[in-house]
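Participant: Dumping the structure here so I can ask a few things about it.
The values are calculated or read from the model by the stated rules, or taken from the named source; none is laboratory data. Just so it is clear, the structure is predicted and the values come from calculations on it, not from any experiment. Positions of Cβ are backbone-derived with ideal geometry, glycine not excepted, and every protein chain shown enters the neighbour counts.
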Amino acid sequence: MTGFALGAEQEEWCGHLRALAADRLRPLADKGEPGRVNRPLLAALGELGLLERVFTSGALELCLLRESLAYGCTEAETALALQGLGAHPVLSAGTPEQRARWLPQVRAGRAVAAFALSEPGAGSDAAALALPAVRDAGSASTGGGQGGGRSASGVGGWRLSGEKCWISNAPEADFYTVFARTGEGPAAKGVTAFLVPADRPGLSGEPLDMLSPHPIGRLTFDGVPVGPQDLLGEPGRGFRVAMDTLNLFRPSVGAFAVGMARAALDATLAYTAARPAFGGVLGDLQAVGHRVAEMATRTEAARLLVYAAAGAYDAGSPDVPRRSAMAKLLATETAQYVVDHAVQLHGAVALQRGHLLEHLYREVRAPRIYEGASEVQRTIIAKELYR
């Protein structure tokens, strides 16, 4: 990318992805049940090699991938992104055994991953999470089944007791990246990351009926045993694992939002150019034309900021937290603006169940909250500016 303009190969790849999303993935998404993991869709993402790209791409390529899929099939985009979010800590901080056990299955779309950070009392303030990991000096048996666990007796493990809430892919995931408080220090310094298979004794969950069509649930930990072999990184260093993951994925959340905004904008251009009104078409009205111009300008500005943040991440820039926060903030707020005005310009037709804009209107709200609400992004930006 030069001067924030995509090269010919990148443009061709994005076009190919948009076509795949519409022709191959949308039919599978339509057959899925809202609020449930769509395993056939995940398998298709694996067969097409798109899940592999999540783990081998830089931040910019990840953004192009997410934006292009979101344009044609938001369900496919979300399924892909959640695999990356849940499994990236395994890639970045896992042991060779953990990577060998889980990552091939995730890349193939056969194992469902989840990122379990939020709690009933600790959503936006991730450093305030309270799920305790209490030292278990006795046996910390990790169970069998999918966990492939072994006894940590004599080594010393932990037991997890408490709740995680608003966890995407819960309770249907096959494993969870869980962040718990082991107490090596105050606030963020006492957080540890664990890989917890779904069949671990004491772990249960229930789905939550949410506005977003992808699965979200609550997890309950009733003395769930974890041992040293379940650690992702070092004890007390889990917050860094979480932030490294979020810094990578925040610009691509912005890319997801840009994809939705571009889909809404294109639908609006087509509709207002053809819809008869007052002796011409809607697009002839200055009020409509100016509104569409504003939608297009904001979408382009958000797209460029997302690309800039991704480029900074790939270049190892020290200001990644600020750039990532700016990209997520502007893109998600812009997408909300664009989709809302697209609905307004379409009128009642856009409110019909099954209409593209009705779907986008439901989808576009959640990204302003998850992976750090807009208010949190502003706080991050301000702290970085005054640092």
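Participant: Tell me the residue from ALA273, ALA293, ALA264, ALA255 that is among the aliphatic types (A, V, I, L, M), assigned to a helix (DSSP H, G or I) and under 28 Å from PHE175 (Cβ atoms), please.
Facilitator: On the way: ALA273 fails: under 28 Å from PHE175 (Cβ atoms); ALA293 fails: under 28 Å from PHE175 (Cβ atoms); ALA264 fails: under 28 Å from PHE175 (Cβ atoms).
None of the other options fit; the residue is ALA255.
Participant: Residues of segment 351-371 being crowded, with 22+ Cβ neighbours inside 10 Å and part of a helix (DSSP H, G or I), which ones?
Facilitator: The answer is LEU357, LEU360, GLU363, PRO367.
Participant: Here is a further query. When segment 365-385 is examined, which residues are found to be closer than 14 Å to LEU246 by Cα and acidic (Asp, Glu)?
Facilitator: Within segment 365-385, just GLU371 meets the criteria.
Participant: Yes or no: segment 276-291 includes at least one residue that is crowded, with 18+ Cβ neighbours inside 10 Å and within 21 Å of ARG378 (Cβ to Cβ).
Facilitator: Within segment 276-291 (the criterion being crowded, with 18+ Cβ neighbours inside 10 Å and within 21 Å of ARG378 (Cβ to Cβ)), the answer is no, since none of the residues qualifies.
Participant: Let me ask something else. Restricted to segment 76-121, and to residues that are surrounded by fewer than 18 Cβ atoms within 10 Å (Cβ to Cβ) and at pLDDT below 95, which residue is nearest to GLY49 (Cα to Cα)?
Facilitator: Looking at residues that are surrounded by fewer than 18 Cβ atoms within 10 Å (Cβ to Cβ) and at pLDDT below 95, I get PRO120.
Quick grid of which residues meet (1) out of contact with any Phe, Trp or Tyr (no Cβ under 9 Å at 6 or more places or on another chain); (2) surrounded by 14 or more Cβ atoms within 10 Å (Cβ to Cβ); (3) farther than 29 Å from GLY316 by Cα; (4) touching a residue at least 40 places away in the same chain (Cβ under 8 Å):
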| residue | (1), (2), (3), (4) |
| --- | --- |
| LEU6 | no, yes, no, yes |
| GLU11 | yes, no, no, no |
| ALA19 | yes, no, yes, yes |
| LEU25 | yes, yes, yes, yes |
| ARG39 | yes, yes, yes, yes |
| ALA44 | yes, yes, yes, yes |
| LEU60 | no, yes, no, yes |
| CYS63 | no, yes, no, yes |
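Participant: Another question, then. Hey, any hits in segment 223-243 for a residue that's basic (Lys, Arg) and surrounded by 21 or more Cβ atoms within 10 Å (Cβ to Cβ)? Don't jump to the end; show me each part of the working.
Facilitator: Filtering segment 223-243 down to residues basic (Lys, Arg) leaves 237, 240.
Filter once more, so that each one left must be surrounded by 21 or more Cβ atoms within 10 Å (Cβ to Cβ): none.
Checked against the condition, which is being basic (Lys, Arg) and surrounded by 21 or more Cβ atoms within 10 Å (Cβ to Cβ), segment 223-243 yields no hits at all.
Participant: Among the residues of segment 244-275, what is the count of those that are buried (at least 19 other Cβ atoms within 10 Å of the Cβ) and either more than 30 Å from LEU62 (Cβ to Cβ) or of a type outside the set (D, E, K, R) (or both)?
Facilitator: Within segment 244-275, the first condition is being buried (at least 19 other Cβ atoms within 10 Å of the Cβ), and the residues that meet it are 245-246, 248-265, 267-268, 271-272.
Those still in the list that are either more than 30 Å from LEU62 (Cβ to Cβ) or of a type outside the set (D, E, K, R) (or both) too: 245-246, 248-249, 251-261, 263-265, 267-268, 271-272.
Residues meeting the conditions: 22.
Participant: Let me ask something else about it. Mind checking which pairs have a first residue in segment 354-383 that is more than 20 Å from LYS31 (Cα to Cα) and a second that is of a type in the set (Ser, Thr, Tyr) and assigned to a helix (DSSP H, G or I), Cβ under 7 Å, 6 or more apart or different chains?
Facilitator: Qualifying pairs under 7 Å: PRO367/THR332; ARG368/THR332; ARG368/SER374; SER374/THR332.
Participant: Of the numbered conditions (1) farther than 17 Å from LEU248 by Cβ; (2) in contact with a helix residue (DSSP H, G or I) (Cβ under 7 Å, 6 or more places away or on another chain), ALA8 satisfies every one except a single condition; which is it?
Facilitator: Result: ALA8 passes all but (2).
Participant: For segment 203-217: of the residues being surrounded by 15 or more Cβ atoms within 10 Å (Cβ to Cβ) and more than 17 Å from the chain's Cα centre (by Cα), which is nearest to PRO132 (Cα to Cα)? Spell out how you get there, then give the answer.
Facilitator: Of segment 203-217, the ones surrounded by 15 or more Cβ atoms within 10 Å (Cβ to Cβ) are 203, 205, 208, 210, 212-217.
Okay, now just the ones that are also more than 17 Å from the chain's Cα centre (by Cα), so 203, 205, 208.
Numbers: LEU203: 14, GLY205: 17, LEU208: 23 Å.
In this case the residue turns out to be LEU203.
Participant: Go through (1) surrounded by 24 or more Cβ atoms within 10 Å (Cβ to Cβ); (2) more than 23 Å from the chain's Cα centre (by Cα); (3) under 30 Å from ARG368 (Cβ atoms) for PHE179 and report which single condition fails.
Facilitator: Status for PHE179: all satisfied but (2).
Participant: Same structure, new question: Here is a list: THR182, THR245, THR177. Which entry is touching a strand residue (DSSP E or B) at 6+ places or on another chain (Cβ under 8 Å) and at pLDDT 95 or above? Break it down stepwise before answering.
Facilitator: Details: THR182 fails: at pLDDT 95 or above; THR245 fails: at pLDDT 95 or above.
Result of the check over THR182, THR245, THR177: THR177.
Participant: Only one of these conditions is not met by GLY236: (1) at pLDDT 90 or above; (2) not in a loop (DSSP other than H, G, I, E, B). Which number is it?
Facilitator: (2)
Participant: Let me ask something else. Any idea which of (1) touching a helix residue (DSSP H, G or I) at 6+ places or on another chain (Cβ under 9 Å); (2) assigned to a loop (DSSP other than H, G, I, E, B); (3) closer than 20 Å to GLY72 by Cα is the one ASP340 doesn't satisfy?
Facilitator: It fails just one condition, (2).
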